[in-house]
Amino acid sequence: MKRLNCWELKSCGRGPGGTKAAELGACPAATDAELNGINGGANGGRVCWAVAGTLCGGMVQGEFAQKHLACMDCNVMHRIREEMGSKFILMPDSQHVEGAFRAGEAIMRAHERIRELVAQLEARNEFIRQVFGRYLSDEVVASLLETPEGLALGGESREVTVMMADLRGFSPLAENLPPAEVIKLLNHYLGTMAETVAKHGGTVDEFIGDAILAVFGAPIRRDGHARLAVACAVEMQLCMPEVNRFNATMGLPQVEMGIGLNTGEVIVGNIGSERRSKFGVVGRHVNLASRIEAYTIGGQILISEATATAAGEGLRIDSELEVFPKGSTRPMRLYDLGGIGAEYGLALPKRRTDLRELAQPVRILFSVLDGKNIPAPDFEATITHLSSKEARISCARPVDPMAVVKFDFPTAKSGAVHVYGKVLSAGDSGREVLLHFTSVGVGAADAIALLMRTTVQPTGGSAP
């Protein structure tokens, strides 16, 4: 309700005793129901004004009450109409005045109660912003609080770009760390990546262990969401050296991240039940983004053809590959993203394979992993070339490109240590495998470094 400003309304009459009719006014500190007196002559009558819900009342005595009501209406009330509008009541009856005063007090109590409720609502909303803001973007929280349908279950179909990012080989790495150190590593890594996603207008939909599911183009519609996602992915990879510097200072292991991007129609909205729900995205293209990410190696960004097309010009594509994702009825072409130019000017360093030929090849037992199942070692292989991150291996049986494999690397101190990797290429025969390490067990890294000192010469070259 509008407060009275600092203005004066002066009455136009005098009582028979010559007393000037008093002034009706309100100062800046006046409340909505402040009462202001009007004093006149000797004989009685009461006047109360209830103007636009604001009670302005007092005593008017003598001839003023009897003879100047019309004059007061023309002068004083005309000014009130101009300031507050035309809703007012003029009640010369004393009984009506007392009733109006009681009504005014009720209005005051109601106003105070409304103020209390508003304060409670504001405190609640601020609490929600602080709590949910730790998990959702500011835009999602604002949508929940400020739109009537914000918390309603349901969704809509919309084209977005979906990002899935994941630390390569994190599960076996975490098995060898104390829980507190795992959490410390994850919190810093996830915090760094979440800030980068928000910087580029994305929304972190969910943290899934060490994985991040983010969406661009929802809940707030954005033109060029694919280009925003591409720029975000490159900057996230460029943040990884800082993440690993933090890990080094904390005595934590170095980590690598793979990112997959896909663009397409998904369902976006509030998903769940009346008691528990979350903003999310679902659909085939969300699953496909996860499949694309699974093909990556550490430090790599793979994007779908739909994302490459939607992102526009200025992309640096380092290579292409054709895959057959699980659940797909046809092959899918993926693009190895190395950077984005134009307004962003972001680029990843070129990957190099500093492989060295071993003076004495190392025989190993080789296993191909099928999903999460780890079969027993089923065929022999020989490591002929080695670097800190990759190996060239001659296998007794053909291996498919992009397959995830495991082998036991011999060490002097720890015996055979597990090493996990992804097949980058397998040659025409499928037996000459170039393997990128995704997880190297404790002790294996030192053994690899020691073994590389007995190499013949580096082969060099860029990674395919």
Name the strands (runs of 3 or more DSSP E) wholly inside the range 377-456 in which the number of residues that are in contact with a Leu (Cβ under 7 Å, 6 or more places away or on another chain) and small (Gly, Ala, Ser) is 2 or more. 415-425
What number of residues within the range 314-337 satisfy the criterion of being assigned to a strand (DSSP E or B) and either in contact (Cβ under 8 Å) with a residue 24 or more places away in the chain or more than 30 Å from Lys199 (Cα to Cα) (or both)? 13
In the range 159-204, which residue that is over 20 Å from Gly260 (Cβ atoms) and not in a helix (DSSP H, G or I) is modelled with the highest pLDDT? Pro178
Which condition breaks for Leu261 when tested against (1) assigned to a strand (DSSP E or B); (2) over 19 Å from Val215 (Cβ atoms)? (2)
Quick one: Ala229 ticks every box in (1) part of a helix (DSSP H, G or I); (2) modelled with pLDDT under 95 bar one, so which box is it? (2)
Scan the range 211-237 for residues that are crowded, with 21+ Cβ neighbours inside 10 Å and among the charged types (D, E, K, R) and report the count. 1
Could you list all residues from the range 322-341 that are aliphatic (A, V, I, L, M) and either at pLDDT 90 or above or over 13 Å from Ala294 (Cβ atoms) (or both)? Met332, Leu334, Leu337, Ile340
If Glu322 satisfies all but one of (1) of a type outside the set (A, V, I, L, M, F, W, C); (2) loosely packed, with under 15 Cβ neighbours inside 10 Å; (3) touching a Leu at 6+ places or on another chain (Cβ under 7 Å), what's the number of the condition it fails? (3)
Looking only at residues in the range 362-399 that are at pLDDT 85 or above and β-branched (Val, Ile, Thr), which one is surrounded by the most Cβ atoms within 10 Å (Cβ to Cβ)? Ile393
From the list Glu242, Glu235, Glu256, Glu265, which one is assigned by TED's automatic domain parsing to the domain that holds Met163, among the acidic types (Asp, Glu), modelled with pLDDT of 95 or more and under 14 Å from Ile301 (Cβ atoms)? Glu235
If a residue must be surrounded by fewer than 20 Cβ atoms within 10 Å (Cβ to Cβ) and not charged (D, E, K, R), how many such residues does the range 298-309 contain? 3
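The values are calculated or read from the model by the stated rules, or taken from the named source; none is laboratory data. Just so it is clear, the model here is predicted, and its values are computed rather than measured. Here the Cβ is made from the backbone with ideal geometry for all residues, glycine too, and neighbour counts use every protein chain on show.
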